[in-house]
1. If I model a spin label as a point 7 Å beyond the Cα along the Cα-Cβ vector, how far apart are those points for Ala182 and Ala149 in nm?
2. Out of the trypsin sites (Lys or Arg not before Pro) in region 1-105, which ones are loop residues according to DSSP with at most 12 other C-beta atoms within 10 Å?
3. Over region 28-187, what is the relative contact order in whole percent, taking alpha-carbon pairs under 8 Å and six or more residues apart?
4. Any idea what % of Cα-Cα pairs in the chain are farther than 29 Å?
5. What's the longest piece of the chain with no exposed GluC sites (Glu not before Pro), counting a site as exposed if DSSP puts it in a loop and it has at most 15 other beta carbons within 10 Å?
6. If you place +1 on the Cβ of every Lys and Arg, -1 on the Cβ of every Asp and Glu, and leave all else neutral, what size is the dipole of the chain about its Cα centre, to the nearest 20 Debye?
7. Return the FRET efficiency for the residue pair Gln175, Ala60: r is the Cβ-Cβ distance, R0 is 22 Å, and the value is rounded to the nearest 0.05.
8. Please give the contour-minus-distance gain from Arg193 to Ala110: 0.36 nm per residue of separation, less the Cα-Cα distance, rounded to one decimal in nm.
Amino acid sequence: MPEITAIAIDGPAGAGKSTIAKAAAKALGCIYVDTGAMYRAVGLHALRSGVGTKDPAALAGLLSGIKITLGYENGGQRIYLNGEDVSAEIRRPEMGMAASDVSAMPQVRAFLLDLQRDMAKRHSVVMDGRDIGTVVLPEARVKIFLTAAPEERARRRYEEHIAKGEAVSYNKILQDIRGRDAQDENRSTAPLRRAEDAVLLDTTGFELEKSVAAVLQIIRDSMQY
Ligand code: DC
């Protein structure tokens, strides 16, 4: 690996970004940065504070009271909201939509952009999100846009929740995924879209191992190592 390298992995909810990015980071000896977790932490703070996730002015007023920090344990990312480890709480099913709501606000995006770029300045990273290749790290060495059919993404999320013993409805998850896709793709600031120079990988019908192998191959081909 050259001194500092950035790999950007973008795509919609449930495309497998986090598992694949984590595996790629491990294989390459980079730090994995899950930017969705940062939006989820802001969404959690907004819900806890009682202002909700739909009021940009009120939310902008909260930002100066939010400190988000990342930590690493056994190759996994931990996220701290004002010093509290909220890594498990931000995975509750309703936190995805809360994150999508707050992520449409330009002030929230600007607030997190500094943190994201700072990570990439100090470490080699595999960073995943929605706008990493287009906005956060447009100079990333490798860009990958991961996608899969909505029904398959919903099924994967459903199985993750069931494996954790959480009672969820497949139809509700599918509805949530479609709603989030629309909201993330249609917002005016940094919408979800493939960077022109990103490699598109559709993992519909792939087992996880196959997706990981395909991503590692794309990275190897792009970096010629
Ligand atoms: O990847 P995720 O499901 O944890 O992301 C939660 C929400 O955060 C997603 O619906 C949109 C938003 N997000 C974003 O706008 N930009 C990013 N770089 C990452 C996430």
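Quick note: the coordinates plus some simple rules give every number you see, no bench work behind them. Treat the numbers as computed from the prediction; the structure is a model and nothing was measured. Quick reminder, even Gly has a Cβ in these numbers, built from the backbone with ideal geometry, and neighbours come from all protein chains shown.
1. 2.1
2. Qualifying residues, ordered by number: Lys67.
3. Contact order relative to length: 26 percent.
4. Cα-Cα pairs of the chain separated by over 29 Å account for 22 percent.
5. 4-93
6. 160
7. 0.15
8. So the extension gain works out to 28.1 nm.
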